[in-house]
Amino acid sequence: MMKQLAAFAFTALVATAVGKQGDGIDLPPDSMLRIGVKKRVPDSECPRKSSTGDKLEVHYVGKLYKNNEQFDSSRDRGEPFSFNVGVGRVIQGWDRGLLNMCEGELRKIVVPSDLGYGDVGSGSKIPGGATLVFEVELLKIRDGNEFDEEDMWEDMYGEDMYGDMFGGGMMDMMGGYGGFPDDENLDDMYDMGDPSEEDFAEF
């Protein structure tokens with residue numbers, strides 16, 4: 001009985017130390033990726049789900065977990081962001097957290113720093129060790145090899161021609177941190193826990 005009480009007290013202490021979103025504390029860097037669906041699309045209205053290599057067009061809002069401070073928003077710019085998912089063009093949290101999505105689906109993903117920008121951070125708005133929170137709406141799925149004029153210009157000039165992103169430029173985001181996860185980890189996307197409603201109450 002005493003061992004059970006001690007274990008319960010330790011668990012409560014850890015939960016208190018980590019804190020909830022907005023409590024001024026980041027999640028541990030090696031925490032699990034949290035994925036929550038805020039708007040579901042019925043299977044009958046979802047002929048295709050996002051998969052590795054697909055070109056996704058999304059709207060997103062990004063905030064810092066510890067203080068809910070917004071660091072970027074494609075909605076505020078009025079221009080969706082396009083990228084190839086699952087091939088290392090964005091941070092690992094996006095590569096893992098935006099697979100198997102339907103067009104019109106809205107997700108909230110909580111990205112620990114190991115799956116974001118690590119100890120380095122990005123620009124002036126994302127400090128090192130920051131846990132990131134994104135609300136992402138998938139607008140369109142296209143084949144990954146479909147011609148895109150924006151990609152053509154980036155390939156030709158090797159630089160971001162479309163403005164700042166996440167406080168450090170779009171190319172910082174597309175580099176990510178820690179490399180691209182292997183296929184084995186991608187398959188574990190839905191084994192990463194089911195966050196409580198409390199985790200998703202701040203948006």
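With each label modelled as a point 7 angstrom along the Cα→C-beta vector, the Asp43-Ser124 pair spans 5.0 nm. Ligands, DNA and RNA are left out, and with a 1.4 angstrom probe the accessible area of the stretch 53-112 is 28 Å² per residue. Taking all Cα pairs closer than 8 Å and separated by 6 or more residues, the relative contact order of the stretch 69-128 comes to 25 percent. Let me know the shape class of the stretch 49-88, please: from the alpha-carbon gyration tensor, a ≥ b ≥ c as square roots of the eigenvalues, rounded when a/c is under 1.5, otherwise prolate if a/b is greater than b/c, or oblate. Here the stretch 49-88 falls in the oblate category. Residues Arg40, Arg89, Arg75, Arg107, sorted by accessible area with the largest first, give Arg40, Arg75, Arg89, Arg107 [1.4 Å probe; ligands and nucleic acids excluded]. Largest first, the extents of the alpha carbon coordinates of the stretch 23-72 on the three principal axes equal 41, 23, 23 Å. For the residue pairs Lys38/Lys63; Lys49/Lys125; Lys20/Lys63, the alpha carbons lie more than 25 Å apart in Lys49/Lys125.
The values are calculated or read from the model by the stated rules, or taken from the named source; none is laboratory data. Keep in mind it's a predicted model, so treat the numbers as computed, not measured. All Cβ positions, even for glycine, are placed from backbone atoms using ideal geometry, and neighbour counts span all protein chains on display. The protein model used for the area step is the full one, side chains on, heavy atoms only, and it has no ligands, DNA or RNA in it. Shrake-Rupley method; radii C 1.70, N 1.55, O 1.52, S 1.80 Å.
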